[in-house]
Amino acid sequence: RIAIIGEGRLRAIGGALALKRRFAHGYLLVVVVADGCDSSRLTAAVTSAVPAAYFVGCRGRELSYTLPFDSRGHFAKLFELLQDDEARCSLGVETYGLSAPTMEEV
């Protein structure tokens, strides 16, 4: 069990998975793009595959998206897109990664 204390008060207590589900917004998709990539086209492609996904921000050539936990049913369509060489090339995708939230992010 983990306790979260903020401003001297107990804010939450529970297991790591329960706290992540309660406080995290979803999975994090990080896409590394080629120079000159049209980020709006990539964002449109991601949200077309996972309608509830939303753009979080970018750092250099890394674009980050949050994919809500309850949108897992749409992940197959997203992975089909990201695994297709022609689509990846046209969108400027070099690599990508999907990760679950860590306790530090919660």
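Would you please calculate the Kirkwood hydrodynamic radius of the chain over all C-alpha pairs and express it in Å, rounded to one decimal?
The answer is 15.1 Å.
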**Asked** Which net charge results when you count Lys and Arg as +1 and Asp and Glu as -1 among the other residues whose beta-carbon is under 11 Å from that of Val30?
**Response** +1
**Request:** Could you work out how far apart the two model spin labels at Val32 and Leu98 are, taking each label as a point 7 Å from the Cα in the direction of the beta carbon, and quote it in nm?
**Result:** 1.9 nm
**Item:** Per-q log10 I(q)/I(0), region 28-83, q = 0.16, 0.17, 0.18, 0.23 Å⁻¹ (Debye; single scatterer per alpha-carbon; no solvent)
**Value:** -0.43, -0.49, -0.55, -0.89
**Request:** Could you look at the chain and say what percent of its accessible area is carbon and sulfur, using a 1.4 Å probe and all protein chains?
**Result:** 52 percent
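Determine the order of Phe69, Phe55 by accessible area, beginning with the largest, at a probe radius of 1.4 Å.
The ranking, largest first, comes out as Phe55, Phe69.
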**Item:** P(r) tail fraction, region 1-51 - alpha-carbon pairs more than 18 Å apart, %
**Value:** 56 percent
**Complete:** the chain accessible area per residue, 1.4 Å probe, protein heavy atoms, integer Å², reads 63 Å²
**Asked** Under a point spin-label approximation (7 Å from Cα along Cα-to-Cβ), what is the Ile2-Ala44 distance to one decimal in nm?
**Response** 3.9 nm
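The values are calculated or read from the model by the stated rules, or taken from the named source; none is laboratory data. Not measured: the values here are computed from a predicted model. Here Cβ is always computed from backbone atoms with ideal geometry, including for glycine, and neighbour counts include all displayed protein chains. The area values use the complete protein model at the heavy-atom level, side chains included, leaving out ligands, DNA and RNA. Shrake-Rupley method; radii C 1.70, N 1.55, O 1.52, S 1.80 Å.
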